[in-house]
Amino acid sequence: MRSRVLVAGALLITALGALVLAFTAGDSGSDAQATPSAGLVTPLWSIRRVPEPVVEAVGAQHLQAQLDAAAPGGGTCFVVNADRHTLATHGADTPLTGASTQKLLVAAAALAILGTDSTFETRVVASGAPTDGTLDRVWLVGAGDPVLTTGDYAAFLKSQPESRSDVITSLETLADAITAKGVRRIPGGILADDSRYDQERYRPSVSDEDRRVGQIGPMGALTVNDGFSTWARFSKQGVANPATNAASRLTQLLRTRGVDVGPAGAGTAPSATTEIAKISSPPLHDIVASMLTSSDNLTAELLTKEIGVRVAKQGTTAAGLAAITAKLKELGVPIADGSLSDGSGLDHANRVTCNELVATIALASRPGMQALFDGLPVAGQTGTLSAEFLGSPVVGKLRGKTGTLVGVTGLAGVVDVGRRLTYAFVDNGEFTKAQGDANHVDVGDIIGRYPDAPAIDGLVPPPQ
């Protein structure tokens, strides 16, 4: 609709220019004939003096037509905005399965509710201070840090193109902090306390295949290494209990540092304790940006539960999703109640719209929301786009949050075409992952070519 208005306006301006030119040529006929021609002159009111509206109008028409051809059907939505203007759109309010594009919604709500500079503090507490280097037992109390990691898993993340920029909280640093307090014996062992969140380890929609390939590990307020015991690029093994696994990993680290530690277990810390050591995560800005870049499913789920704690004092997915929806509405995102089923986007029952996605991306310009831009993968360079768009003119210019499930593909972000365009694309249908990836790359390339219009000489003839 907007492109039609722009073309109509351009034609009107052209017509006015022609009228002015005709009037000038016909005025004072005898004098005009007596004046020698000084050469062809562009009339003052010619559209050639203000070409931008024509180029934008033609470019918008081309963009709409190309996207209509690349993304047809009722299972598709797209929208491309320049500033406050819509250049191309189709089904922008149609609810579709958005896969990981919905992490943008979780990210925005987390930044707004938890605060961009907030951190997660994992604590080691005991019933009292060490006596002659001995503590009877200690509790490792989880606070929902989604990036708590040991050195071997951190090295694995760095070796993968999608996650090489992931931020971490080092569990080794926590072990060092304990030994720095002079602790040499913990005969009663380390008891894991993950009582901050509920005990749901996987959402009902997570399939055995999702677990096998390592799409997500078990959830919990005390989770190390994304809840995996072994890991390879396309195969990971989740632990039975992420909290006791965390206590076991800390036990191993302390033993390598010469501390005599009993077996690990689980238990809720007493209300009155002495803090022995703690470690803080990176600021939430960095965690959110990292989550978006590598599309970390566990981080999205744990942030959802943490939002539930902060807003409703309930560390559940349901409480978190309700709070996310309410906050997004407050921020001006047109989200419907009950449209989200999880935080990660793994559930096919989730619904997002392209208008929701572009409205969320637009929030990046607000104070404290910069991570929504910083975390977007860069075409051909970082995160989930590191191996996509290679050789394309949009490399380094297009940023986009990907979304991929069986029969689902999506891409939402920004692209620099001399000015910043905000876009969203989601497609639901019957296609393979490879076909879906190719679909969103085609759409990204089309958007990146805007305005893709002829030079002004090709749009408006020169004066005769």
Taking Cα pairs closer than 8 Å and at least 6 residues apart, the relative contact order of the chain in percent is 22 percent
Straight-line reach check, Lys397, cutoff 14 Å on alpha carbons, 8 or more apart in-chain or any other chain, hits among aspartates and glutamates -> Asp374, Glu388, Asp416, Asp445
Excluding residues fewer than 8 positions from Lys327 in its own chain, the aspartates and glutamates with Cα under 15 Å of it are Glu306, Asp337, Glu356
Computed over the range 324-464, the convex hull of the Cα set has an average projected area, in nm², of 11.2 nm²
Counting only DSSP beta bridges with both partners in the chain, the antiparallel fraction in percent, to the nearest 5, comes to 80 percent
One would report the antiparallel percent of DSSP beta bridges in the range 60-191, rounded to the nearest 5, as 65 percent
Each label sits 7 Å from Cα toward the beta-carbon; between Ala434 and Asp83 the label points are separated, in nm, by 4.4 nm
Taking Cα atoms, the helix 242-256 axis meets the longest principal axis of the chain at an angle in degrees (rounded to 10) of 70 degrees
Rounded to one decimal in nm, the spacing of the 7 Å Cα→Cβ label points at Ala272 and Asp337 is 4.5 nm
Given (i) 1.16; (ii) 1.00; (iii) 1.11 as possible values of Rg/Rh (Cα atoms, Kirkwood Rh), the one from the coordinates is (i)
Ratio for the range 119-282, C-alpha Rg to 2.2 N^0.38 Å, reads 1.03
Which of Lys278/Lys305; Lys158/Lys181; Lys103/Lys313 exceed 27 Å between C-alpha atoms? The answer is Lys158/Lys181
If one compares the long axis through the Cα atoms of helix 103-114 with the longest principal axis of the Cα atoms of the chain, the angle in degrees, nearest 10, works out at 60 degrees
Exposure-ranked with fewest Cβ neighbours within 10 Å first, Glu430, Glu356, Glu56 stand as Glu430, Glu56, Glu356
Summing -39500 (n - 2.57) over every DSSP H run of at least 4 in the chain, dividing by its residue total and rounding to the nearest 500, the 222 nm mean residue ellipticity is -12000 deg cm²/dmol
Quick calc: nm separation of the 7 Å Cα→Cβ label points for Ser235 and Asp374 -> 3.8 nm
Taking trypsin sites (Lys or Arg not before Pro) as exposed when in a DSSP loop with at most 10 other Cβ atoms inside 10 Å, the chain has its longest clean stretch at 85-312
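The numbers here are math on the coordinates, done by the rules we state, and not lab data. All values reported here derive from a predicted model rather than from experimental measurement. For neighbour counting, all protein chains shown are included, and Cβ atoms are generated from backbone atoms with ideal geometry for every residue, glycine included.
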